[in-house]
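The values are calculated or read from the model by the stated rules, or taken from the named source; none is laboratory data. As the structure is a prediction and not an experimental result, all values here were calculated from the model. Ligands, DNA and RNA are stripped out before the accessible areas are found, and what is left, the full protein with its side chains, is counted by its heavy atoms. Shrake-Rupley method; radii C 1.70, N 1.55, O 1.52, S 1.80 Å.
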Amino acid sequence: MTEFTPLASIIGGMLIGASAVLLMLFHGRVAGMTGILAGLLPPLARDWVWRVAFLAGAVSAPVFYTLISGNAVEISVPVTGPVLMIGGVLVGAGVIYGNGCPSGHGVCGIARLSPRSIAATMTFMLTAVVTVFVLRHVLGG
């Protein structure tokens with residue numbers, strides 16, 4: 001069972017929203033993690049410095065949370081390595097066919113009232129609901 005953490009969730013959502021707004025304001029870019037990461041792969045994007053800073057912030061945030069709150073961030077992966085890799089490949093394919101990732105479409109696209117992003121986010125969410133249902137209730141995982 002997932003723990004109910006409304007305060008941490010609200011603060012986290014506000015930080016994600018603020019980072020998306022600031023990235024758009026200062027760089028004119030959408031905060032889609034896949035697009036940010038893709039700019040760091042060869043050939044390196046000309047604007048690689050902010051990309052490194054953004055990803056470093058995303059990766060180091062749990063460390064700062066632990067230091068500030070005194071509570072370690074628990075990460076549990078309830079599937080095996082091969083299942084995790086298959087999931088990663090499927091998400092990667094979805095990012096290519098969906099022309100963006102859930103963070104770009106869900107956070108930035110919906111905020112801009114983009115019909116494509118709204119449709120993509122609805123597809124992500126429906127797929128997640130169906131996947132969880134099948135894994136937990138059909139396959140018994």
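Tabulated results
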| item | result |
| --- | --- |
| Solvent-accessible ranking of HIS137, HIS105, largest area first, probe 1.4 Å | HIS137, HIS105 |
| Net length gained if the chain between ALA38 and ALA58 were fully extended (0.36 nm per residue, minus Cα distance) | 5.7 nm |
| Derived scalar couplings ³J(HN,Hα) [segment 90-107; Karplus, 6.51 cos²θ - 1.76 cosθ + 1.60; whole Hz; x for Gly, Pro] | 5, 5, x, 5, x, 5, 5, 6, x, 6, x, 9, x, 5, x, 6, x, 8 |
| Percent accessible area from carbon and sulfur atoms, segment 1-125, protein chains only, probe 1.4 Å | 75 percent |
| MRE, 222 nm, helices only [DSSP H, n ≥ 4, -39500 (n - 2.57), over the chain, to nearest 500] | -20500 deg cm²/dmol |
| 1.4 Å probe accessible area per residue over segment 53-141, in Å² | 75 Å² |
